[in-house]
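I have placed the structure first, in the form of structure tokens, so that the comments after it can refer back to it.
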Amino acid sequence: MKRIGKPVFFIVFVIILALAYTSVFGIYGENGDFKVTYIKGINDIRWGIDINGGVEAVFAPDGKDATDDEMESVKAILELRLVAQNVTDYEIYPDYTNDRITVRFPWKSDEENYDPDTAISELSATAKLTFRGGSTESGEVIIEGKDVKRAYSNYQSSSNGTYQHVVVLELNDEGATKFADGTRTYLNQQIGIWMDDDLISAPTVNQVISNGTATISGSFDAAGAAKLANTINAGALPFGLKIESYSTISPSLGNSALTAMGYAAITALILIFLFMLCMYRLPGFIAFIALLGQMAISIMAISGYFPVFPSFTMTIPGIAGMILSIGMGVDANIITAERIKDELWSGKTLDGCIRNGTKGSFSAIFDGNITVIIVAVILILVFGPANIFSQIFGVSTTGLIYAFGYTLLVGVIANFIMGVGASRLMLKSISGYKFLRNKRLYGGKKSS
Amino acid sequence: MRQTFHIDFIKKSKIFFGVSLGIMLVCLILNIFAFPTLVDIQFTGGTIIKYSYSGNLKNADLEKTVNDTIASRDAIKNDKVSFAYSDNLAKSDKDNNSKIVSLQFTGNKAVSVEDKTAITDALEKAYPDSTFREASSSSADASKGTNFFFKCLAAIILAAVLMIVYVALRFRKIGGLSAGIMAVVALIHDLIIVYFVFVIFRMPLNDNFIAVVLMILGYSLNDTIVIYDRIREIRRKSGPKTPVGEIVNSSLNQCLVRTICTSITTILAIGSVLVVSLMFNIDSIVSFALPMMLGLISGSYSSLCIAAPLWVIWKNHSAKKKAEKKNSENAKTAAKKSKKANKTEA
């Protein structure tokens, strides 16, 4: 057998400890008064609304089949209102198949008496679009949402020949008449475009527009022009929004769940450590080190430890999935250790037993884990925000199970790296020490 | 030999089947006569609102306030509300709310935000000292719920089919398809057990149910595969002439310690989650951890005592059929021969 050097054990051990420490505590530095995050730890994990508290609401057009463009407008108006409510870390999932939009945002815990009901109601209020003279809210209302036929973004040449992004505004007959009067009054002045109480644009009138088609130009980029067009369309939507369903969770309720999961994880680790040590002795001890490594990888996968992987929104089922993968993770070690025991009792040398034991157990471990991977991938694909069944059932609105699938998948992959790879390296390396060559340490019978 | 025990799983298989069927039968009777299946509002549609509050309010007073408010609202005046009380174990520093009341609306529609606010306002007004706070609320639309239900069903079927295909391919040598089908019979066994856990413990079927079912599918199949892997190995060593029952029996005995140990570590993990969430009174996790734990036990049991013995019965049956076919063919040709012989004699 190709010997694996004695120091390998310590190298792997130290690497695992380092990974475990940094994945939990992160690495931070200070740059003057700023805290600089080099490596993200547990405190940087983005917790889902079931832990941090939050609001999820599903909006649907009231009594109308909306087109995809109209849904885009609905999305634009919801985003605008979320920002107006000072909510920046929202998630928004439009479902074009079923004409629904799911919005999810955290409960503002710094507010003493945060009222999620009002927040939801405000989001669903009918959009009120007005064009007012001047750039203040008190300006005279020239046209309203119902006067607008549609708005769209365009890329066209301007008077001086250069191409630019613009928003084209088409008005209906009534709107055209009003707008002609308005542009005459406010020629060479500004006209404010207001959505509810927010000024979204204030272009200057360059000429009287009497044909009902206006072009709003400015320093738009493609996205900016599309956004303004969407927002104007939202104000012209011929339907209101109804709240189809909602759920709210207060932060205190979720926070205690997080504490509980923390206790559960630590208890599980300790119990499994004791069990493995009693049952399998040295291989059991190594299994536990590998388990720490597996946990570290799982945490890294959700905290955004490596900048290439974005951080993941962690929910309570996700944490449960992680703890479950602790229990299942040692399975690879158990299968291997049992094999080694079998071999030892048939009276072979220690090295031969370890070699045969690790070799003979691989196919069972591999096949067994594939089934868990199948389950995890299906959970991710079916319950993810955009999923394989989107065409049939629409995009998902229940994202909690998604996190469970994700942590389960990460757990299995981490298990291949740690429970299979690192454990075997450590076992083969540590068995090179003379005082650790007693077969009893591996579950064999008393050596004679 | 290291092993000091040898359990004849195949001989005892009738007992195992009897135990499983017996448990299912008892649960089914309970399900029909005592514990009707509860379905979460995620699937049926409906509304649940939870408030935390402090002080000693009489439940009857609180219920009257809520019912009066509901009667005054047009959209929900015909709805009935069921009340449930519990201790609030998730106290925040800001208030001293030690109790939680949970309002569940009958009728499968989502109560509007305005109506919900009216109830909250009424409670706050009637009991200003009790600092009523909305702890959580959820509502779901019935059509969306049905849609979600079918999606979950599709996920389970997809998972089951993929797993059969995988087993069939990986275990071609020992008759993969029959092995896969028997594994799925064991999976259905586990699925039924998980369902009855939800029923007996009065937990409504929700998305946790789907997650547990899928998880148990994977876990139980994992156990079954480890055993099949051992069967494949022993068969390779002992040759195809050895009786199937013997091979399977020694495989099961060799895998027994591993199956039990892995179950123990997994149960230690999920059991920690269960105990802690019971202590903290987190319903959503209890309804996940409890069926998961019992499902794990069922999963290990079904791999050892259902899937493998069933497969032996199947194998023996098809071997017998083959033999009978051969015999009858032999008999036919013999009969023909004798007929011919008779003719010539005549």
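Some notes on this structure:
- Filtering segment B:170-194 to residues that are touching a residue at least 40 places away in the same chain (Cβ under 8 Å) and either touching a strand residue (DSSP E or B) at 6+ places or on another chain (Cβ under 9 Å) or small (Gly, Ala, Ser) (or both) leaves B:Gly175, B:Ser178, B:Ala179, B:Ala183, B:Ala186.
- Matching residues in segment B:208-218 - criterion: being within 7 Å of another protein chain (Cβ to nearest Cβ) and in contact (Cβ under 8 Å) with a residue 60 or more places away in the chain: B:Ala211, B:Met215, B:Leu217
- For segment B:142-169, the candidate set comprises residues that are in contact with a Phe, Trp or Tyr (Cβ under 8 Å, 6 or more places away or on another chain) and without any contact (Cβ under 8 Å) to a residue 12 or more places away in the chain; within that set, the residue that is surrounded by the most Cβ atoms within 10 Å (Cβ to Cβ) is B:Lys151.
- Flag for A:Ala60 being in a strand (DSSP E or B) and within 22 Å of A:Gly145 (Cα to Cα): yes
- Filtering segment B:175-233 to residues that are surrounded by 23 or more Cβ atoms within 10 Å (Cβ to Cβ), within 21 Å of A:Ile380 (Cα to Cα) and of a type in the set (S, T, N, Q) leaves B:Asn208, B:Ser220, B:Asn222.
- Which listed residue is in the same structural domain as A:Lys227 (by TED's automatic domain parsing), within 18 Å of A:Ile209 (Cα to Cα), part of a strand (DSSP E or B) and among the small types (Gly, Ala, Ser), from A:Ala176, A:Ala151: A:Ala151
- Candidate set from segment B:124-147 (those that are within 7 Å of chain A (Cβ to nearest Cβ) and hydrophobic (A, V, I, L, M, F, W, C)); member that is farthest from B:Val213 (Cα to Cα): B:Ala135
- Subset of segment A:351-367 that is surrounded by fewer than 23 Cβ atoms within 10 Å (Cβ to Cβ) and of a type in the set (Gly, Ala, Ser) - its residue that is farthest from the other protein chains (Cβ to nearest Cβ): A:Gly352
- The lone criterion from (1) more than 10 Å from chain A (Cβ to nearest Cβ); (2) of a type in the set (Val, Ile, Thr); (3) touching a Cys at 6+ places or on another chain (Cβ under 6 Å) left unmet by B:Ile227 is number (1).
- None of A:Ile370, A:Ile392, A:Ile401 is at pLDDT below 85, farther than 28 Å from A:Leu19 by Cα, at the interface with chain B (Cβ under 9 Å from one of its Cβ atoms) and in a helix (DSSP H, G or I) except A:Ile392.
- Within segment B:1-17, residues that are loosely packed, with under 11 Cβ neighbours inside 10 Å have Cβ atoms under 9 Å from residues that are hydroxyl-bearing (Ser, Thr, Tyr) and modelled with pLDDT under 85 in these pairs: B:Met1/A:Ser346, counting only partners at least 6 apart in sequence or on another chain.
- Taking segment B:246-283 as the range and being over 30 Å from B:Glu233 (Cβ atoms), surrounded by 21 or more Cβ atoms within 10 Å (Cβ to Cβ) and either charged (D, E, K, R) or not assigned by TED's automatic domain parsing to the domain that holds B:Ile227 (or both) as the test, no residue passes.
- Total residues in segment B:166-176 satisfying the condition of being assigned to a helix (DSSP H, G or I) and at the interface with chain A (Cβ under 10 Å from one of its Cβ atoms): the figure is 3.
- Among the residues listed as B:Met203, B:Met215, the single one being touching a helix residue (DSSP H, G or I) at 6+ places or on another chain (Cβ under 7 Å), in the same structural domain as B:Gly22 (by TED's automatic domain parsing) and assigned to a loop (DSSP other than H, G, I, E, B): B:Met203
- Checked against the criterion of being more than 19 Å from A:Val166 (Cα to Cα), crowded, with 19+ Cβ neighbours inside 10 Å, in the same structural domain as A:Tyr163 (by TED's automatic domain parsing) and touching a residue at least 12 places away in the same chain (Cβ under 8 Å), the candidates A:Gly182, A:Gly192 yield just one match: A:Gly182.
- Yes/no for B:Tyr51 being assigned by TED's automatic domain parsing to the domain that holds B:Lys125, buried (at least 20 other Cβ atoms within 10 Å of the Cβ) and under 36 Å from the mean Cα position of the chain (by Cα): yes
- Going through (1) part of a helix (DSSP H, G or I); (2) buried (at least 18 other Cβ atoms within 10 Å of the Cβ); (3) not hydroxyl-bearing (Ser, Thr, Tyr) one by one, A:Val103 falls short only on (1).
- Assessment of segment B:71-82 against the conditions (assigned to a loop (DSSP other than H, G, I, E, B), of a type in the set (Asp, Glu), surrounded by 17 or more Cβ atoms within 10 Å (Cβ to Cβ) and away from chain A (no Cβ under 12 Å)) yields at least one matching residue.
The values are calculated or read from the model by the stated rules, or taken from the named source; none is laboratory data. Computed from a predicted structure; not experimentally measured. Every residue, glycine among them, receives a Cβ derived from its backbone with ideal geometry; neighbour counts consider all protein chains shown.
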